[in-house]
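Written below as structure tokens is the structure these notes are about.
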Amino acid sequence: MRQSSFAGVGFERYGKTTRRAAFLAEMEQVIPWGDLYALIEPVYPKAGKGRRPVGLERMLRIHFLQHWFNLSDPAVEEALYETASMRRFVGIDLGQEPVPDETTVCKFRHLLEAHDFGRVLFEQVHTHLEARGIRISTGTIVDATIIAAPSSTKNAPGRRDPEMHQTRKGQQWYFGMKAHVGVDSKTKIIHAVVATAANVHDSAVLGDLLHGEETRVWGDQAYRGQRDVIREHAPRAKDFTNRRYRHRGMVDEAQKARNRTKSRVRAKVEHCFAVIKGVFGFTKLRYRGLEKNAQRLFVACSLANLFMIRRRLMPA
């Protein structure tokens with residue numbers, strides 16, 4: 001009798017810890033799972049006469065996988081079937097049960113959006129970090145980044161998202177949302193987040209990005225001339241935003257040098273954007289409407305904070 005060529009599948013002798021598996025193992029240790037479950041549990045469906053709901057722990061883990069790997073509802077279902085490290089993280093055994101389908105994943109996301117979970121999670125992560133001795137200092141860096149929205153009109157309404165707008169940056173036009181952040185100058189923790197349409201000027205929400213205890217505020221030239229706003233929201237803060245150094249073709253070399261010195265601190269904010277956009281892949285909006293995308297932004301910032309500070313949170 002001819003032996004099947006698939007004999008031995010499932011008894012592999014060799015393996016390697018992949019970067020994805022290592023990343024999930026780290027995040028498993030740094031996320032305050034118990035606190036987050038307690039926030040959602042009161043509004044999560046309970047078992048009754050209908051179909052038994054999927055476990056809350058499992059759904060929250062799937063929700064975070066979507067943010068870390070930039071996966072849509074159908075894509076995360078397929079990824080769980082394909083990737084063993086993701087299934088281990090969620091706790092799914094395909095020999096016993098299927099992966100929750102995309103409709104279940106979508107309904108869970110809508111439940112979180114309905115209860116403003118993004119902002120609640122953002123605040124809870126800060127509470128968790130403070131309990132671990134990681135506190136916000138008295139220096140804040142403010143900045144904003146544009147996240148593009150689909151510009152296609154091939155949809156049911158036949159038009160682009162009415163809550164998004166276009167803006168010009170340099171010689172290029174962008175359409176989408178603008179993410180404004182206030183970042184701690186010492187720890188690089190994001191402590192304030194505001195989502196607006198892309199055409200809202202960076203300085204328009206400056207007051208919302210300050211916690212009030214600052215002694216220094218850094219920002220690029222988009223925030224120049226906002227000393228009164230800074231004084232109103234953070235009375236003890238000094239204005240360290242960059243100043244214009246070029247006027248009518250003349251370059252003020254002294255001011256240019258001062259800007260360069262300030263930018264050594266201000267550049268730390270780019271580390272946060274690098275995690276959100278580069279590591280998590282949040283470079284394009286998936287949903288229509290500002291509030292839905294704002295919820296995703298809050299969760300992304302919360303997970304970015306945990307990712308950036310993970311070395312200090314992990315047990316020795």
For this session: State whether one or more residues within region 108-126 are in a loop (DSSP other than H, G, I, E, B), surrounded by 21 or more Cβ atoms within 10 Å (Cβ to Cβ) and either among the hydrophobic types (A, V, I, L, M, F, W, C) or touching an Asp or Glu at 6+ places or on another chain (Cβ under 8 Å) (or both).
Result: no
For this session: Kindly indicate whether any position in region 111-130 is closer than 16 Å to LEU306 by Cβ, at pLDDT 95 or above and aromatic (Phe, Trp, Tyr).
Result: yes
Exercise. Taking into account only those residues within region 187-205 that are outside any loop (DSSP other than H, G, I, E, B) and of a type outside the set (A, V, I, L, M), which is nearest to HIS165 (Cα to Cα)?
Worked result: THR196
Seminar exercise, completed: Within region 242-290, residues touching a Ser or Thr at 6+ places or on another chain (Cβ under 9 Å) and not in a helix (DSSP H, G or I) come out as ASN242, LYS268, ARG286
Seminar exercise, completed: By residue number, the members of region 224-241 that are over 15 Å from THR138 (Cβ atoms) and either aromatic (Phe, Trp, Tyr) or crowded, with 17+ Cβ neighbours inside 10 Å (or both) are GLN226, VAL229, THR241
Problem set entry | Flag for ALA197 being surrounded by fewer than 19 Cβ atoms within 10 Å (Cβ to Cβ), closer than 26 Å to VAL299 by Cβ and of a type in the set (Gly, Ala, Ser) | yes
For this session: State which residue is least open to solvent (accessible area, probe 1.4 Å) when the search covers only region 66-82 and only residues that are free of Cβ contacts under 8 Å to residues at least 60 places away in the same chain and within 14 Å of the chain's Cα centre (by Cα).
Result: GLN66
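Please determine whether any residue of region 249-265 is among the small types (Gly, Ala, Ser), under 26 Å from the mean Cα position of the chain (by Cα) and modelled with pLDDT under 95. First the steps, then the outcome.
Taking region 249-265 first, the residues among the small types (Gly, Ala, Ser) are 249, 254, 257, 263.
Still in the running and under 26 Å from the mean Cα position of the chain (by Cα): 263.
From what's left, modelled with pLDDT under 95: 263.
Taking every residue of region 249-265 in turn, at least one turns out to be among the small types (Gly, Ala, Ser), under 26 Å from the mean Cα position of the chain (by Cα) and modelled with pLDDT under 95.
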Exercise. Residues of region 83-96 being open to solvent by 50 Å² or more (accessible area, probe 1.4 Å) and closer than 14 Å to LEU24 by Cα, which ones?
Worked result: ARG88
Seminar exercise, completed: Residues in region 219-243 that are out of contact with any strand residue (DSSP E or B) (no Cβ under 9 Å at 6 or more places or on another chain) and either of a type in the set (Val, Ile, Thr) or at pLDDT below 90 (or both) total 1
Exercise. Which residues, counting only those in region 164-207, are farther than 21 Å from HIS271 by Cα and of a type in the set (D, E, K, R)?
Worked result: ARG168
For this session: With the condition kept exactly as written, say whether any residue in region 166-185 is in a loop (DSSP other than H, G, I, E, B) and either among the aliphatic types (A, V, I, L, M) or open to solvent by less than 20 Å² (accessible area, probe 1.4 Å) (or both).
Result: yes
Exercise. If ARG51 satisfies every condition in (1) under 30 Å from GLY15 (Cα atoms); (2) outside any helix (DSSP H, G or I); (3) open to solvent by 70 Å² or more (accessible area, probe 1.4 Å); (4) of a type outside the set (Phe, Trp, Tyr) but one, which is the exception?
Worked result: (1)
For this session: Could you check, for region 95-106, whether at least one of its residues is at pLDDT 95 or above and of a type in the set (Gly, Ala, Ser)?
Result: no
Problem set entry | Of all residues in region 271-296 being open to solvent by 60 Å² or more (accessible area, probe 1.4 Å) and modelled with pLDDT under 95, the one that is farthest from ASP161 (Cα to Cα) | ARG286
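Being more than 18 Å from PHE280 (Cβ to Cβ), of a type outside the set (Asp, Glu) and either open to solvent by less than 70 Å² (accessible area, probe 1.4 Å) or part of a helix (DSSP H, G or I) (or both) is the filter here, so list the residues in region 13-35 that pass it. Please lay out each step first, then the result.
Kept after step one, since they are more than 18 Å from PHE280 (Cβ to Cβ), are these residues of region 13-35: 13-17, 29, 32-35.
Still in the running and of a type outside the set (Asp, Glu): 13-17, 29, 32-34.
Across region 13-35, the qualifying residues are GLN29, PRO32, TRP33, GLY34.
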Exercise. Scanning for something open to solvent by 30 Å² or more (accessible area, probe 1.4 Å), in contact (Cβ under 8 Å) with a residue 12 or more places away in the chain and within 17 Å of ILE146 (Cα to Cα), does region 209-219 turn up at least one residue?
Worked result: no
Exercise. Conditions: (1) open to solvent by less than 50 Å² (accessible area, probe 1.4 Å); (2) modelled with pLDDT of 90 or more; (3) out of contact with any His (no Cβ under 8 Å at 6 or more places or on another chain); (4) of a type outside the set (Asp, Glu). LEU39 meets all but one. Number of the miss?
Worked result: (1)
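Taking region 143-165 as the region of interest, how many residues are buried (at least 20 other Cβ atoms within 10 Å of the Cβ) and of a type in the set (A, V, I, L, M)?
Narrowing region 143-165 to residues buried (at least 20 other Cβ atoms within 10 Å of the Cβ): 143-144, 147, 149, 161, 164.
From what is left, the residues that are of a type in the set (A, V, I, L, M) are 144, 147, 149, 164.
Summing the residues that are buried (at least 20 other Cβ atoms within 10 Å of the Cβ) and of a type in the set (A, V, I, L, M) in region 143-165 gives 4.
The values are calculated or read from the model by the stated rules, or taken from the named source; none is laboratory data. None of the values given here were measured: they were computed from a predicted structure. Heads up, the Cβs are rebuilt from the backbone with ideal geometry, glycines too, and the neighbour counts pull from every protein chain shown. Ligands, DNA and RNA are stripped out before the accessible areas are found, and what is left, the full protein with its side chains, is counted by its heavy atoms. Shrake-Rupley method; radii C 1.70, N 1.55, O 1.52, S 1.80 Å.
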